[in-house]
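Step one of this worksheet: look at the structure below.
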Amino acid sequence: MGIIYTILIGLIVGLVARLLHPGKDGLGLIMTSLVGIAGSLVATYGGQALGIYHAGEGAGFIGAVVGAFVILFVVARLKK
């Protein structure tokens, strides 16, 4: 159930990151969702592996948004 929950949160995180990212990035809904899922997975498992936070903490959601924002920024720059 943990990975499914992480993917569902990733969909929401992708939308939040896109709202926070200024300007037009030219990514569609599917790519935005994939970026959010990637950010969520990296932040969730990376943050837990580094001992920054534990499963179920609110910091995990914030970390997922930051991770998705960074990935969204990189993808938008590579796309140009």
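Tabulated data for the structure shown
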item: Leading residue by the ranking (surrounded by the fewest Cβ atoms within 10 Å (Cβ to Cβ)) among those in region 1-45 that are among the small types (G, A, S), farther than 18 Å from R77 by Cα and modelled with pLDDT of 75 or more; result: G10
item: I71 being modelled with pLDDT of 80 or more, among the aliphatic types (A, V, I, L, M) and assigned to a loop (DSSP other than H, G, I, E, B); result: no
item: Members of region 41-62 that are of a type outside the set (A, V, I, L, M, F, W, C) and not in a helix (DSSP H, G or I); result: G51, Y53, H54, G56, E57
item: Residue count, region 46-80 (criterion: farther than 13 Å from R18 by Cα and either among the polar types (S, T, N, Q) or surrounded by 15 or more Cβ atoms within 10 Å (Cβ to Cβ) (or both)); result: 6
item: Verdict on I30 being touching a helix residue (DSSP H, G or I) at 6+ places or on another chain (Cβ under 9 Å) and at negative phi; result: no
item: Failed item in (1) part of a helix (DSSP H, G or I); (2) in contact (Cβ under 8 Å) with a residue 40 or more places away in the chain, with G26 passing the rest; result: (1)
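The values are calculated or read from the model by the stated rules, or taken from the named source; none is laboratory data. Note that the structure is predicted; figures quoted are calculated from it, not measured. Using ideal geometry, Cβ is built from the backbone for each residue, glycine included, and neighbour counts are taken over all protein chains shown.
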